[in-house]
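Scroll down for the structure; my scribbles are underneath it.
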Amino acid sequence: MRTKTIYILSLFPDYFDSFQNSGVISKALNGERSSEFSLNLEIINIRDYSLGNYKSVDAYPYGGGAGMVMRADVLANSINEGIIKQFEISREDLHIIYPSPRGHTFDNKMAKKISKKIFNENEKELVFICGRYEGIDERFLQNYVDEYISIGNYVLTGGELATMSILDASLRFVEGFLGNKNSNIEESFQDNSIEYPQFTKPREFEGLCVPEVLLGGHHKNIQEYKIEQSLEMTKKFRPDLLEKTIES
Ligand code: 6GU
């Protein structure tokens with residue numbers, strides 16, 4: 001069994017409790033989904049690596065301005081003591097990601113790249129830095145951060161939700177990790193289209209019936225139906241994705 005660790009630095013580690021303890025992610029983390037590959041999340045509390053008498057993790061920005069800024073020395077200490085020393089790993093073996101609006105916008109293509117970093121043997125270990133307050137001292141970013149990733153054009157109060165979004169979407173592409181090898185190939189956005197509509201019990205609901213073709217068990221007809229419906233749904237809900245297909 002091969003194990004990979006992902007390190008997450010946060011001032012609010014509780015954010016990750018339900019992520020780690022619910023649904024398919026929790027099963028995967030407990031090794032219930034794959035016998036070959038297991039993943040370990042290490043959530044490191046930045047506050048445990050604060051320095052000096054006051055144990056502050058943030059301070060007023062030089063030059064003034066709204067809010068507080070996370071201290072470079074405290075963050076560097078969390079990396080150096082909390083990861084490198086604690087887990088006996090060298091700096092060169094870490095790939096440090098700072099989820100931030102300054103990054104490129106996250107999409108499935110980036111999720112696949114990250115999934116390879118998670119799964120492949122010779123890749124570095126991933127570290128996610130969750131920012132809070134008005135940001136992080138630029139000198140820490142300059143010396144430590146290897147990659148910035150944004151999850152969209154809006155500003156969150158902290159990087160925790162962004163980190164979970166990035167990890168959740170990426171883990172779906174880690175081979176065999178969530179089980180059901182086919183499903184992410186079929187799923188939304190894979191080919192710049194959205195998913196076909198799904199139906200389950202009961203066969204009739206408020207006067208609406210499940211499409212006949214899905215009840216027939218004719219595999220080829222069902223495949224054709226799914227492709228056609230996926231196209232229809234994309235035209236209806238996300239025509240912009242079809243333009244992307246033509247461009248690409
Ligand atoms: Cl990655 N972090 C924060 N704090 N806000 C964001 C973001 C990330 N992406 C968009 N807004």
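The values are calculated or read from the model by the stated rules, or taken from the named source; none is laboratory data. If you're wondering where the values come from, they're calculated on a predicted model, not measured in any experiment. As a convention, Cβ positions derive from the backbone with ideal geometry for all residues, glycine included, and neighbour counts pool all protein chains shown. For the accessible areas, the whole protein counts, side chains as well, though only heavy atoms, and no ligand, DNA or RNA atoms are used. Shrake-Rupley method; radii C 1.70, N 1.55, O 1.52, S 1.80 Å.
General observations
- Selected residue (criterion: least open to solvent (accessible area, probe 1.4 Å)) from residues of the stretch 190-242 that are in contact (Cβ under 8 Å) with a residue 40 or more places away in the chain and polar (S, T, N, Q): T234
- Residue match in the stretch 158-172 (condition: open to solvent by 30 Å² or more (accessible area, probe 1.4 Å), at pLDDT below 95, more than 16 Å from the ligand (Cβ to nearest atom) and within 17 Å of the chain's Cα centre (by Cα)): yes
Residue-by-condition table, conditions (1) in a helix (DSSP H, G or I); (2) of a type in the set (K, R); (3) in contact (Cβ under 8 Å) with a residue 60 or more places away in the chain:
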| residue | (1), (2), (3) |
| --- | --- |
| G103 | no, no, no |
| K109 | yes, yes, no |
| G131 | no, no, yes |
| L161 | yes, no, yes |
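- Selected residue (criterion: farthest from D168 (Cα to Cα)) from residues of the stretch 78-117 that are touching a strand residue (DSSP E or B) at 6+ places or on another chain (Cβ under 6 Å) and aliphatic (A, V, I, L, M): I83
- When E32, E42, E125 are screened for being open to solvent by 60 Å² or more (accessible area, probe 1.4 Å), assigned by TED's automatic domain parsing to the domain that holds L161 and either on the phi > 0 side of the Ramachandran plot or away from the ligand (no atom under 16 Å from the Cβ) (or both), only E32 passes.
- Qualifying position, being out of contact with any helix residue (DSSP H, G or I) (no Cβ under 6 Å at 6 or more places or on another chain), in the same structural domain as E147 (by TED's automatic domain parsing) and within 16 Å of the ligand (Cβ to nearest atom), among G63, G103: G103
- Selection of the stretch 195-245 for residues being under 28 Å from the mean Cα position of the chain (by Cα) and of a type in the set (V, I, T) yields I227, T234, T245.
- Of residues in the stretch 133-157 being outside any loop (DSSP other than H, G, I, E, B) and open to solvent by less than 30 Å² (accessible area, probe 1.4 Å), the one farthest from the ligand (Cβ to nearest atom): F140
- Qualifying residue in the stretch 67-78 (condition: part of a strand (DSSP E or B), within 16 Å of the ligand (Cβ to nearest atom), open to solvent by 60 Å² or more (accessible area, probe 1.4 Å) and more than 21 Å from F16 (Cα to Cα)): no
- In the stretch 79-100, residue farthest from the ligand (Cβ to nearest atom) [restricted to those that are among the β-branched types (V, I, T) and touching a residue at least 24 places away in the same chain (Cβ under 8 Å)]: I89
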